[in-house]
1. Please name all residue pairs, on different chains or six or more residues apart, with Cβ atoms under 7 Å, provided the first residue is in the range B:400-414 and is under 14 Å from B:Ile441 (Cβ atoms) and the second residue is assigned to a strand (DSSP E or B) and among the small types (Gly, Ala, Ser).
2. Tell me which of these A:Met187 doesn't satisfy, since it passes every other one: (1) hydrophobic (A, V, I, L, M, F, W, C); (2) under 27 Å from A:Glu15 (Cα atoms); (3) surrounded by 22 or more Cβ atoms within 10 Å (Cβ to Cβ).
3. Given the criterion under 12 Å from the mean Cα position of the chain (by Cα) and closer than 26 Å to B:Tyr326 by Cβ, identify the matching residue among B:Ser157, B:Ser95.
4. With B:Gly198, B:Gly260, B:Gly234, B:Gly204 as the choices, which residue is among the small types (Gly, Ala, Ser), touching a helix residue (DSSP H, G or I) at 6+ places or on another chain (Cβ under 9 Å) and either surrounded by 24 or more Cβ atoms within 10 Å (Cβ to Cβ) or under 29 Å from B:Glu393 (Cβ atoms) (or both)?
5. Restricting attention to the range B:237-251, which residues are of a type outside the set (D, E, K, R) and part of a loop (DSSP other than H, G, I, E, B)?
6. Condition first: part of a helix (DSSP H, G or I) and in contact with a Lys or Arg (Cβ under 9 Å, 6 or more places away or on another chain). Now tell me which residues in the range A:147-166 satisfy that.
7. Looking only at residues in the range B:298-311 that are under 20 Å from the mean Cα position of the chain (by Cα) and buried (at least 21 other Cβ atoms within 10 Å of the Cβ), which one is nearest to the other protein chains (Cβ to nearest Cβ)?
8. Just name the residue that is surrounded by the fewest Cβ atoms within 10 Å (Cβ to Cβ) out of those in the range B:340-368 that are of a type outside the set (A, V, I, L, M) and within 12 Å of chain A (Cβ to nearest Cβ).
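The values are calculated or read from the model by the stated rules, or taken from the named source; none is laboratory data. Since we're looking at a predicted model, the values are computed, not measured. Note that each Cβ is placed from the backbone with ideal geometry, even for glycine, and that neighbours are counted across all protein chains shown.
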Amino acid sequence: MRDYEMVIGLEVHCELSTESKIFCGCSTKFGGAPNTHVCEVCSGMPGTLPTLNKKVVEFAVKAGLALNCDITRNNKFDRKNYFYPDLPKAYQISQLYCPICRNGHVDIKTSQGEKSIGIHEIHMEEDAGKLVHDEVTGMTKVDFNRCGVPLLEIVSEPDFRSSEEVIAYLTKIRDTMQYLGVSDCKMQEGSMRADVNLSVRPRGQAEFGTRTEMKNIASFKAIERAIEYECERQIDLIEGGGEVVQETRRWDDEKEYTYAMRSKEDAQDYKYFPDPDLMPIVISEEYLESVKASLPELADAKRERYVSELGLTEYDADIITGNVTVVKVFETAGAKCGNYKDAANWILTDLLKLYKDEGVTPEDKEFDGDKLGTIIKMVNDGKINRKSGKKILTAVFEEDVDPEEYADRNGLAQVSDASAIEPAIRKVISENTKAVDEYKVGNTKNIQFLIGQSMRELRGKADPKTVKDILEKLLSEL
Amino acid sequence: MDSEQIIKLSALELGKAIRNKETTSEEATKAYLDAIKENDGKYNSYITVREEALAEARIIDEKIASGELTGAFAGVPVAVKDNMCTEGVLTTCGSNMLHNFVPPYDATAVRKLKEEGMVIIGKTNMDEFAMGSTTETSFFGPTVNPWGENRVPGGSSGGSAACVAAKLAPISLGSDTGGSIRQPASFCGITGLKPTYGKVSRYGLVAFGSSLDQIGPMGRDALDVAYMLNVISGEDPKDQSSAPTDKLDLEAVKNFDVSGKTIGLPEQYFAEGMDEDVRARVMEAVKLLEQAGAKVETFPMPIMDYAIPTYYIICCAEACSNLSRYDGIKYGYAPEDVDDLMELYIRSRSEGFGMEVKRRIMLGNFVLSSGYYDAYYNKALQAKALIKKAFDEAFSKYDVVIGPVAPTAALKAGESLSDPLKMYLGDICTVLINIVGVPAISVPCGFTSDNLPVGMQIIGKHFDEQTIMGFAYAYERLSKEAKQ
């Protein structure tokens, strides 16, 4: 068998997290009973007209700048005409002729090293609704809640050569959108979707093979599996003397295979033309500058700064910057307690474990970084010990309690007064003569046992280091 | 005041009589509802007549009495073309496709009528989806011209024109995509204004050709039309193509002096194919204006040859997209017993739309198809730019451009249904104006030898309704004086 390489291009759809829809005032909130976030405009009633939500343009420009694109100064919207019950106007308002961003790139890191993936264009468009098939009645119903939710379609160049590159790129796009606050990119809620265009060719061949398109794959894992499957299918086909047919295929993630949906011959003519209801959008130099100035610090810059200025290890910085929610917790906690390294340690060893144990993501369950900062500060100031700190952290994670109040209520405040600690330690010494004797003859490991006993006597409320100091002092006096 | 007297009044006169307590909105509304009941069987100018308007008029009378409503049209009945959405009131667009459509919202222009305190007495008949020049393509049957029972009223706002001409409404709203206000106004002997594109919000006007559609007033004289424009015009946040503009200065309209103003007559507007009587009446009208001191000059406008193809490509392209939403799923006509989605689409659209609408949808789909887009749609956009340039040049020399509204007076019923191309060619004098977006008014200027009304078209610069309304009013006055 010949050695093949895959060639992949991606179309990624991100739902923008604007409050209202792109062409009307309806809410973009996910969920909601069917057809409750709907008005005469987004349901395509006769005579209604779109009015552009300017926030969508701002978000698109932000995304374009963050993905190193040229921003189109004279923008237009076009109509993409096709019939489907989830599209109430029977046309989607999109951008064909003048997409808002062009010629960008995303730099990714994989096991093969660093690589730059080209972005052909990014355009703004509206989402369609959803068909709900009722197995019982055999009826199909339509829910227009998602109609008119703003989308960015990010179209890459065919630059990918492995599924690993695809996942690295998607991760980077998702992180960037989240950092910018323009999209939450939740694949499970459909706010990030990817279409995969894939072809194979014998390694070394210059021209591309015939490609297939796999639409709306719903998770990173599914994308990875779909790519591997489709690549093998195409190679087997060619090696078996067949030909790849240009077509749209659907990935079935349960059965783990792709099947043909429609071929190129059935490809629709969308009869694009400029939407006469929407005026051209001109992006001025001033506007562009103001958006540039409002861009937040992105993952790469943060990672670098965490290492060089805050003294984090590269590994720790990588993990924290890999999730914008964690970044927020980290920066808030660090600012509160004044010690970013401690904040990183608490997050990496304790907080992320809580998330992992409960099987939820930081986006699913908000954690107040300010409270983490308070806990760290209490520990560092010797008000509580680390063990109590962890206990409070868990309580904050589970019930969002106030750390100081919780410590008071549960008597976690550390006993730091030597006069209160000494009697307890004297008691331990007198009750553990065997261990004390052995210690005196050189078995210094016993100190740990004695500390443990002392802590128990103090019901954990003392600083282990203070206990050790006093214990050593008292032992030396014996 | 008795019904007969009420019905004779212009809208402004009626409004004044209501304010002066010589009559009431209720009385006026009843007078018109009675007149409709008695006479509209002959004309079929209304699709929906609103008996409930009487109760609304009573409430308006109270508001006028309490001083809440003070507008010059407060209490005045009005008829609205059936392609403007009216909350809770059937809006059919003259089509089987929307035979049962009751919108949950008002068009902005309709809302403004209500804010003025006008009483909507009914929704008027029209060519299906405003496609046609005769009001014969309506699903609800043709409208008859009050000037002759075998004559069409023009279209597509034929119902809005006929009801005003037959005194079944004091004033009405129409819409104009390629002449649909001006041509029926001309055929029915009333005054009709197509405002500048963007002057009146299109929100709630069921779209035909979105870059061409414009709502406008149709009335018995220039002053009614001028005041109505002030009622309905204005920028609307719901319509991005609407523009902020000044209201007309009505005193300035009344005092407008044509002396020293310049009139351009495009040669092509008076060329061969123009009915002799129509040409003669328009030239006589121009003569009157000239005698009053206006300077008149003819000029060539060869680009006019491209008007019809350019217009029909653009409006059909936009229409085929605009009318795609009528799919039998959400509202309007839906066939029963369909087996699958494709059958639902095919039958909804085959049975819901009439012949002329289907013809234009097919034309539109053709010119937008890949492979034909550049040859047709793009070419039409280029021609549009050239036509705009020709008008810009004309308006750098003239204050207004004048010509006939249509090549003929009202056509015989049935004539153009059999020959759509002939019907399209009848739009030669009006479609250019929509392509350019400038305002134009049709003013009655006499009769043919068959005693059919003829309209003169006065075309102005963008947003210069002030000047064309001044000309229209001045001409009305001059022609009255000439008769005496």
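1. If the second residue must be assigned to a strand (DSSP E or B) and among the small types (Gly, Ala, Ser), the pairs left are B:Val401/B:Gly264; B:Val405/B:Ser442; B:Val405/B:Gly455.
2. Exception for A:Met187: condition (3).
3. Exactly one of B:Ser157, B:Ser95 is under 12 Å from the mean Cα position of the chain (by Cα) and closer than 26 Å to B:Tyr326 by Cβ, namely B:Ser157.
4. Every option except B:Gly204 fails the conditions.
5. Applying the first criterion (of a type outside the set (D, E, K, R)) to the range B:237-251 yields B:237, B:240-245, B:248, B:250.
If the condition is that a residue be of a type outside the set (D, E, K, R) and part of a loop (DSSP other than H, G, I, E, B), then B:Pro237, B:Gln240, B:Ser241, B:Ser242, B:Ala243, B:Pro244, B:Thr245, B:Leu248 are the ones that fit.
6. Passing the criteria: A:Ser163, A:Glu165.
7. Restricting to residues being under 20 Å from the mean Cα position of the chain (by Cα) and buried (at least 21 other Cβ atoms within 10 Å of the Cβ), the top hit is B:Tyr311.
8. Among residues in the range B:340-368 that are of a type outside the set (A, V, I, L, M) and within 12 Å of chain A (Cβ to nearest Cβ), the one surrounded by the fewest Cβ atoms within 10 Å (Cβ to Cβ) is B:Asp340.
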